[in-house]
1. Out of all the residues in segment 208-218, which are touching a residue at least 60 places away in the same chain (Cβ under 8 Å) and assigned to a loop (DSSP other than H, G, I, E, B)?
2. Which numbered condition in (1) out of contact with any helix residue (DSSP H, G or I) (no Cβ under 9 Å at 6 or more places or on another chain); (2) not polar (S, T, N, Q); (3) not in a helix (DSSP H, G or I) is the only one that Val331 fails?
3. So Leu115 fits all but one of (1) surrounded by fewer than 23 Cβ atoms within 10 Å (Cβ to Cβ); (2) over 20 Å from the mean Cα position of the chain (by Cα); what number is the exception?
4. Scan Asn127, Asn146 and give me the residue that is modelled with pLDDT of 95 or more, of a type outside the set (D, E, K, R) and surrounded by fewer than 23 Cβ atoms within 10 Å (Cβ to Cβ).
5. Take the residues of segment 241-282 that are aliphatic (A, V, I, L, M) and in a strand (DSSP E or B): which is farthest from Lys315 (Cα to Cα)?
6. Taking the stated definitions as given, is Asn81 under 24 Å from Gly263 (Cβ atoms) and of a type in the set (S, T, N, Q)?
7. Among the listed residues Tyr166, Tyr225, which satisfies the condition of being farther than 24 Å from Trp110 by Cβ and crowded, with 23+ Cβ neighbours inside 10 Å?
8. Checking the condition at pLDDT below 95 and buried (at least 23 other Cβ atoms within 10 Å of the Cβ), which residue from Gly290, Gly336, Gly350 passes?
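The values are calculated or read from the model by the stated rules, or taken from the named source; none is laboratory data. Here the structure is a predicted model, which is why all the values come from computation and not from measurement. Positions of Cβ are generated from backbone atoms using ideal geometry, with glycine treated the same way; all protein chains shown enter the neighbour counts.
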Amino acid sequence: MESVQTQIQNKDGNQNIAQQEQPYDGFLYTWGMNSGGCLANQKKNKERLFLLNLSTGGFFGAAISSKNELYTWGETKNGRNGHQPNQNFILVPQKIINLQNISQVSCGNWHCLALNNQNQLYVTGHNKYGSCGLSGIDEIYGFKLNDTISDIQIQSISAGDGFSLYLDINKSVYSSGFRLMHGNKEDQHQYQIKKIKELEGIAIKHINSGFCHAAVVTQEGGELYTWGSGNFYQLGHGNTKSLKTPQKINNLSGIEQVSCSRGEKNCHTIATHSNGSVYSWGSGYKGKLGHQNSWSHEDPADESRPRLIQYLQDKGITITKSISGGIHSAVLSKDGKLFTFGCCSDGRLGHTKAEKRVYLYKEALPREIQGPFLNNKIIDASSSYYFMAAIAES
């Protein structure tokens with residue numbers, strides 16, 4: 001049976017949300033700027049998939065099926081989606097033939113990481129700075145086993161822009177890649193996967209790589225460590241100082257999960273507390289921190305330290321996952337509803353744009369997406385700078 005796709009069009013004619021039907025209970029939705037086929041919404045896919053989780057990167061995406069097979073789509077440049085660059089774009093999700101038993105996938109801006117159920121790491125894409133943890137090769141076209149870390153049992157992966165983070169079964173954090181982002185003091189690119197020395201002896205439960213900053217959450221107490229560029233207060237330490245090594249954010253604990261923004265400018269961070277509340281900080285560009293501040297270019301409403309999103313608290317909305325885009329944000333509630341806020345240009349919020357307000361349209365408070373999956377529980381969601389994707393039950 002062929003998959004069924006539905007296009008929701010705005011008044012300006014641009015695509016906003018595309019639905020691809022899946023068997024059993026799963027639906028894949030994408031919305032935002034459709035560059036390089038990143039929305040994967042061409043009506044040519046004859047294979048029906050039930051997707052479990054997904055990741056979005058620089059104009060490409062990836063998802064894992066119920067059979068633990070990896071599918072990717074979008075731009076092939078630099079080998080980022082794991083398909084050979086004999087065509088510029090993959091317009092519908094295509095299976096990576098040589099990979100099996102995949103349990104996790106993480107899309108960076110120019111590279112992609114995949115982990116199988118035997119803790120083996122596969123890498124593809126741009127590796128000039130060592131983001132894939134291999135030396136002597138700038139581009140990797142097709143997923144390649146990183147066999148340099150046979151002594152490390154990785155259980156979690158996170159791909160950023162030119163760097164990557166890895167969490168092993170002993171709760172230790174490793175990294176590779178760009179010199180200002182790998183978290184170690186050495187002022188040079190890190191072409192091999194190495195332990196972050198500043199975090200030695202600290203058990204970590206969650207890692208996240210953004211475009212130009214990173215964060216980890218401790219196992220005990222849910223404390224948060226950040227490093228990288230601090231130009232927009234995104235590190236949460238009360239200043240715009242950049243840090244080469246992880247530093248703990250004072251007076252913040254109980255965090256379960258964190259998400260660092262996917263853009264080079266107007267950076268922010270958003271984190272989920274164990275009680276279901278959400279904190280955000282950094283650039284307040286177009287209301288993407290969710291505090292309903294009166295944003296303007298003259299007064300950007302930045303937050304230099306973590307601030308509770310009071311609106312979600314007042315509404316009694318319990319959040320399980322926070323998601324940072326580039327100039328927008330999203331949160332996924334316990335009951336499977338997806339809320340977005342910030343800049344809505346290119347349809348990235350998934351809300352119908354008001355006429356004649358295409359670029360200026362923004363949401364200063366978290367707003368539930370009212371669309372084709374209104375009555376379907378969202379089981380996972382992800383965002384890159386320009387587009388978002390979600391998997392919903394039918």
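1. Selection gives Gly210, Phe211.
2. Unmet condition: (1).
3. Unmet condition: (2).
4. The match here is Asn146.
5. Going through the qualifying residues, I end up with Leu243.
6. yes
7. On inspection, the qualifying residue turns out to be Tyr225.
8. After applying the criteria, what remains is Gly350.
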